1. Which distance in nm do the two modelled labels at residue 138 and residue 274 give, with both placed 7 Å along the Cα-to-Cβ direction?
2. I need the trypsin sites (Lys or Arg not before Pro) found in segment 130-233, filtered to DSSP loop residues with at most 12 other beta carbons within 10 Å of theirs.
3. For the pair residue 44 and residue 237, what calculated FRET efficiency results from E = 1/(1 + (r/R0)^6), where r is the Cβ-Cβ distance and R0 = 22 Å, to the nearest 0.05?
4. Sorting check: for 42-55, 80-93, which peptide has the highest mean count of neighbouring beta carbons within 10 Å, and how do the rest follow?
5. Can you give the extra length, in nm with one decimal, that the chain gains between residue 86 and residue 115 once fully stretched, where that is 0.36 nm per residue apart less the Cα-Cα distance?
6. Assuming R0 = 41 Å, can you tell me the calculated FRET efficiency for the pair residue 154 and residue 175, based on Cβ-Cβ distance, to the nearest 0.05?
7. Quickly work out the residue 30-to-residue 258 label distance, labels modelled 7 Å from Cα along the C-beta direction, and quote it in nm with one decimal.
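Derivation of every value follows stated rules applied to the coordinates shown; laboratory data play no part. None of these values were measured; they are calculated from a predicted model. Virtual Cβ from ideal backbone geometry, glycine too; neighbours counted across all protein chains shown.
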Amino acid sequence: MEFKAGVLVVMALCVSALTSSEDSCGQRPLVASPGMSRIVGGREAPEGAWPWQVSIQIQSRHHCGGTIVSNLGVLTATHCFYKYLKISRSLFRVVAGLHVLSAPGDQTQIRSISEVKMHEDYNGVSPDNDVTLVLLSSPFDFTGHIQPVCTPHNVTHEFILNFTHCFITGWGSRYYRGRLNNRLQEAEVELIDRRTCNLITWYDGFITENMICAGLESGASDSCQGDSGGPLQCYSEDEDRFYVVGVTSFGHMCGHPRRPGVYARTSRFADWLKTSQTASASAAHKLNTRLIPALLCAALMLLLNIHTVCQQ
Ligand code: 4AZ
C-alpha cells in the first residue's frame, strides 16, 4: 500500500515536471490591475509596476529600454544595436528590477549579454522590422520585481485579446533632446489604427504592417528618446495579464499632434521570436532545466514499475 502511494507521488511529480513551464507571464505580483482612470502625459510609475521593463546600458549608462520575455531573453529595438556594432558586447549590460537609474536597489539583477539577434530584414531607413532579441549570459531569477511579459501568438491573437488599457514605460526624456528621467515613467496611450496613422496629415503612408502607432491625437502621451527598445504593453481584462504589443521604435520627435509614437508590432514577429529563442543558448538551458528532470523521472518510474511487477 505504502509502496503504491510512493509510486503515485512520483507519478504526480513527473507530470508536474513535464507540464510545468515558464507559462506564467504578464502578471504584476506587487501592483493591482489597471484602474479606469485616464492618464494624460507621463508620471512616475509605482515601484514594481512593470517587472518586465529593463534598462540596457553601455558602460553603466542607460542606452535603451527592453522587455523580459523569458529568463534568458530580452526583446528590444534593432536600432539600439545597429549603429553600435563596433562597441564591445562586454561594455553592455542588462539591468532588471530597476526603478531609479542612479540608485539600483536590492531588487536589481544585472546580466551581461551573450548574443544579440537582430532581425535579418531590419531596414535602417524605414525602419521596418525594428526588433532584436538579446540573450543573457545567465538567466534572471524571477521575483516580485522581475517577471516576463506575455507575447501575442499572432495577429489574430492580438485582435482577440481585446485590450482595454495600454501603457508605455521608460526612462526616456520628457521632450525631444531633453535629459533622461532618473525614475521610471509610465503613460497610458491608445492604439491608433494604421489607416489613421497613415493619413497625409499623420505619417503619410510610412507605417507598415510590422508597425503599430500608439499615443493620443493631441500628442499629450508619447514615448521619447531613451524609451527606445522598451515596451508598449497592453492589459487583457479577460486574461488579467499584460502583453507586449509593441517595441518602442521611432516617431517624428516627441509629443506632437498627429505624430504618435511608432512601435514594432510584436504579433508580426511571434514566429521570428520563437525561432530566435529556440535556436540559441536558451534552448540548451531549457534542455537542462526541463529534459533532465523529466528523464530522471522516467527512469525512476521505470524502476518503480519493475519493482511493482516483481512484487506481484
Ligand atoms: C528616439 O529617438 C525616439 N515619439 C523614440 C520614440 C519616439 C521618438 C524618438 C516617439 O528614441
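1. 3.2 nm
2. 177, 179
3. Rounded to the nearest 0.05, the efficiency is 0.35.
4. The densest-packed peptide leads the list: 42-55, 80-93.
5. 9.0 nm
6. 0.65
7. For residue 258 paired with residue 30, the spin-label model returns 4.2 nm.
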